[in-house]
Amino acid sequence: MARELGINTYGYIWSMSAADCARRLAGLNYRQFEFLLQPPHLPLDDFGAEKRRDLKMVLDDVGAKRTALNLPSLDHNLASPFSRVRAASVQMLADSVDLAGDLGAEWLVVVPGRMSPLFPPSPQDRIDWLTDGVSKLLRRAEARGVGLAIENVPFAGLPDAASLGCFVRSFNSPSIKVCYDAANAHFIGESPADGIRQLADLLRIVHLSDTTRTNWRHDPVGNGDVPFAEVAAALDAVDFDGAVTLEILDHDPDAGILRSHRALTPLGFTQCAPVRSS
């Protein structure tokens, strides 16, 4: 059976609210959403109970499923050498867990810290800091029924499948799994297909976009050289049944998403349904 595609809302964060974005994407025949937590698109502050209920009603109305939230890492760092920064980061992510719980989202995507590319701390230091912060956050997530999906990001503390898998398995909890980004893996020189096979027992979300190995991008499919046929074959080989999510950054996000969807259809993904004219 063809795999369904979901949409990460990154491309819409400056142009429309999460509620309007859900309606727009539903009009493009999508029902799986991963919302980027970014004001004004979806804020954490000044987004109280009434606004949360309103957004939840929109999600229910459009038939949203497999909903996730994703907090960008520019404003937090679980691997900071400063304990005060790590504490503030845990609180920010805990607030994000609460929002996910209020909206009925299944997962919060978590970037495991940020590293200086010039002179990073030792691997043991970053693991110690991350373990402390994620342990605190995991208790909140378990209480709210929200899972933590730890993502591989080139500048983060766990950029590759091996380190990411080792870290996540150390918790031995069903509430902490993996979000694996194929473009991020490809950019650092890792085979995304190999990463998928290594992390098969942990995978809950897979991000798809295009990039090269010289410039880190999240472009529409076809603009880079990510080996999508190998990625699709690996997903089939491990019987992946989680969310496959397009995370496309483009000046025209609708067009970039639809173009990417059409390019992936021959690889076993669902047909891109015709868009109704307004």
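What's the number of the condition Val97 fails, among (1) crowded, with 23+ Cβ neighbours inside 10 Å; (2) within 24 Å of Trp216 (Cβ to Cβ)?
Tallying (1) crowded, with 23+ Cβ neighbours inside 10 Å; (2) within 24 Å of Trp216 (Cβ to Cβ), Val97 fails exactly one: (2).
Which ranges mark the helices (runs of 4 or more DSSP H) fully within the range 119-230 that have 3 or more residues being basic (Lys, Arg) and touching a residue at least 24 places away in the same chain (Cβ under 8 Å)?
Per the criteria, 123-144.
Among all residue pairs at least 6 apart or on different chains, which show Cβ distances below 6 Å where the first residue, located in the range 36-47, is under 15 Å from Tyr10 (Cβ atoms) and the second is of a type in the set (Val, Ile, Thr)?
Pairs found: Leu36/Thr9; Leu36/Ile13; Gln38/Ile13; His41/Ile13.
Can you find a residue in the range 15-25 that is surrounded by fewer than 23 Cβ atoms within 10 Å (Cβ to Cβ), at negative phi and touching a strand residue (DSSP E or B) at 6+ places or on another chain (Cβ under 9 Å)?
Yes, the range 15-25 contains at least one residue that is surrounded by fewer than 23 Cβ atoms within 10 Å (Cβ to Cβ), at negative phi and touching a strand residue (DSSP E or B) at 6+ places or on another chain (Cβ under 9 Å).
Only one of Gly147, Gly104, Gly157 is closer than 26 Å to Arg66 by Cβ, of a type in the set (Gly, Ala, Ser), touching a helix residue (DSSP H, G or I) at 6+ places or on another chain (Cβ under 7 Å) and buried (at least 16 other Cβ atoms within 10 Å of the Cβ); which?
Gly147
Looking at (1) touching a helix residue (DSSP H, G or I) at 6+ places or on another chain (Cβ under 7 Å); (2) crowded, with 24+ Cβ neighbours inside 10 Å; (3) charged (D, E, K, R), can you tell me which one Asp181 breaks?
Of (1) touching a helix residue (DSSP H, G or I) at 6+ places or on another chain (Cβ under 7 Å); (2) crowded, with 24+ Cβ neighbours inside 10 Å; (3) charged (D, E, K, R), only one is false for Asp181: (1).
Listed residues Ala193, Ala229, Ala182, Ala233; which is closer than 30 Å to Gly101 by Cα and among the small types (Gly, Ala, Ser)?
One residue alone meets the criteria, Ala182.
Of the numbered conditions (1) out of contact with any Ser or Thr (no Cβ under 7 Å at 6 or more places or on another chain); (2) surrounded by fewer than 17 Cβ atoms within 10 Å (Cβ to Cβ); (3) on the phi < 0 side of the Ramachandran plot, Arg31 fails exactly one; give the number of that condition.
With respect to (1) out of contact with any Ser or Thr (no Cβ under 7 Å at 6 or more places or on another chain); (2) surrounded by fewer than 17 Cβ atoms within 10 Å (Cβ to Cβ); (3) on the phi < 0 side of the Ramachandran plot, Arg31 is out only on (2).
So for the range 243-253 (the condition being surrounded by fewer than 23 Cβ atoms within 10 Å (Cβ to Cβ) and of a type in the set (S, T, N, Q)), does at least one residue qualify?
no
Restricting attention to the range 110-129, which residues are of a type in the set (A, V, I, L, M, F, W, C) and surrounded by fewer than 17 Cβ atoms within 10 Å (Cβ to Cβ)?
Once the filter is applied, which keeps residues that are of a type in the set (A, V, I, L, M, F, W, C) and surrounded by fewer than 17 Cβ atoms within 10 Å (Cβ to Cβ), the range 110-129 yields Leu118, Phe119.
Table: residues versus (1) in contact with a Pro (Cβ under 7 Å, 6 or more places away or on another chain); (2) of a type outside the set (Asp, Glu); (3) in contact (Cβ under 8 Å) with a residue 24 or more places away in the chain; (4) part of a loop (DSSP other than H, G, I, E, B).
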position: Met1; (1), (2), (3), (4): no, yes, no, yes
position: Cys21; (1), (2), (3), (4): no, yes, no, no
position: Arg24; (1), (2), (3), (4): no, yes, yes, no
position: Tyr30; (1), (2), (3), (4): no, yes, yes, yes
position: Phe33; (1), (2), (3), (4): no, yes, yes, no
position: Glu50; (1), (2), (3), (4): no, no, no, no
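Based on what the data block shows, is Val244 of a type in the set (Val, Ile, Thr), modelled with pLDDT of 95 or more, outside any loop (DSSP other than H, G, I, E, B) and within 18 Å of Glu34 (Cβ to Cβ)?
The answer is yes for Val244.
Select from the range 51-101 the residues that are under 30 Å from Phe119 (Cα atoms) and in contact with a helix residue (DSSP H, G or I) (Cβ under 6 Å, 6 or more places away or on another chain) and list them in ascending order.
Leu71, His76, Asn77, Leu78, Ala79, Ser80, Arg86, Val90, Leu93, Ala94
Of the residues in the range 214-242, how many are closer than 22 Å to Val153 by Cα, within 19 Å of the chain's Cα centre (by Cα) and surrounded by fewer than 15 Cβ atoms within 10 Å (Cβ to Cβ)?
Here the count works out to 0.
The values are calculated or read from the model by the stated rules, or taken from the named source; none is laboratory data. Owing to the predicted nature of the structure, the values given are computational and were not obtained by experimental measurement. Every residue, glycine among them, receives a Cβ derived from its backbone with ideal geometry; neighbour counts consider all protein chains shown.
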